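The block underneath contains the structure these notes are about, expressed in structure tokens.
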Amino acid sequence: MPDTLFTQPPHWEWLIVLYFFFGGIAAGAYALAVIVDFVGSGADRAVARVGYFVAFPLILVSGLLLTLDLGAPDRFWHMLVASNSGGLMFKWWSPMSVGSWALLIFGLFSGISFVGALAEVGVLSFLRPFSGLVRRGPLGVLFGAVGAVFGLFIAGYTGVLLSVTNQPVWADSQLLGALFLASAASTALAVLLIVIEQRHAGHGLLARLEQADNWVMGIELVVLAAFLATLGGLTGRLVLSAWGALLILGVGVLGNIAPLVIHLRGRDAAIQTASYAAVLALLGGFLLRFAIIMGGQAL
């Protein structure tokens, strides 16, 4: 029997909603930080550092939330190590097993990058040469690329995990992984915008982040519409429910269209209200996971 075949709703509640939300931000922030690190200008490196500073603490919080939700947190290690033999426990056919290992590996990569970013700003100055290894040169490119792959996997994995169950809504569309991936990028950019704006960065940097966020939110809107359209017979039932209203109004309108309108008001006006748009995008990302997880079980 597949690990994700539920005979009744799994009764996932706030811990899982927050795990999906924070994990998505962490994964998106890390992947964006790697891209900025190796494609952006020297002035953009501050954005990369913020991404690393955000990713590691949030993935730790995500792992803690997932562990607490198991009911017996002290047994979480059984997902990684066989209790009878002490050998590694990896089931390639089990989304839960694959996800546990991906979470652990991504945590290691984001933790190393976090330490490297600290060394770069002088907090751990004796590790500055180490920081250069993981953020410069061929080795840095390889390290960042592998870490970003695991980050992108985590960002979309939670949606894929839901889609391979037999639960209504979750299993009726193959686009949940893509939707959660787009949302992870959008919420991560929102966090970066808030932090960078608070640090009084130049208008040019904020404008580039907003432009990237506009593209991501546009993609998220398209994927959200496609997701609703591919639910088949459940589309009408979901759309006419409170959960559907939350997806359309809370995620689509409040979390994507409203921030897009704010960003497109004009460069100066948009920059002055960048944090408002970012907060709305974060709210939309949270409501997406809340509506999908709770609504899928309720329906």
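Details
- Selection of first residues in the range 20-44 that are on the phi < 0 side of the Ramachandran plot and free of Cβ contacts under 8 Å to residues at least 40 places away in the same chain and of second residues that are assigned to a helix (DSSP H, G or I) and among the basic types (Lys, Arg), restricted to Cβ pairs under 8 Å at least 6 apart or on distinct chains, gives the following pairs, ordered by first then second residue: Val36/Arg45.
- For the residues Leu64, Leu58, the requirement of being modelled with pLDDT of 85 or more, out of contact with any helix residue (DSSP H, G or I) (no Cβ under 7 Å at 6 or more places or on another chain) and of a type outside the set (D, E, K, R) singles out Leu64.
- Selected residue [surrounded by fewer than 20 Cβ atoms within 10 Å (Cβ to Cβ) and of a type outside the set (A, V, I, L, M, F, W, C)] from Thr187, Thr165, Thr158: Thr165
- Hey, Val121 surrounded by fewer than 17 Cβ atoms within 10 Å (Cβ to Cβ), β-branched (Val, Ile, Thr) and modelled with pLDDT of 60 or more or not: yes
- Yes/no for Tyr52 being closer than 30 Å to Ala298 by Cα and modelled with pLDDT of 90 or more: no
- All conditions but one from (1) modelled with pLDDT under 90; (2) within 23 Å of Glu13 (Cα to Cα); (3) buried (at least 18 other Cβ atoms within 10 Å of the Cβ); (4) not polar (S, T, N, Q) apply to Ala242; the one that does not is (3).
- Checking Val134, Val164, Val98 one by one, the residue that is under 22 Å from Val50 (Cβ atoms) and modelled with pLDDT under 85 is Val134 and no other.
- Search result, residues across the range 16-35 that are within 8 Å of the chain's Cα centre (by Cα) and within 17 Å of Gly296 (Cα to Cα): Phe20, Phe21
- The residues of the range 23-48 that are surrounded by fewer than 22 Cβ atoms within 10 Å (Cβ to Cβ) and part of a helix (DSSP H, G or I), listed by number, are Ile35, Phe38, Val39, Gly42, Ala43, Asp44, Arg45, Ala46.
The values are calculated or read from the model by the stated rules, or taken from the named source; none is laboratory data. Model, not experiment: these values are computed from the prediction. Here Cβ is always computed from backbone atoms with ideal geometry, including for glycine, and neighbour counts include all displayed protein chains.
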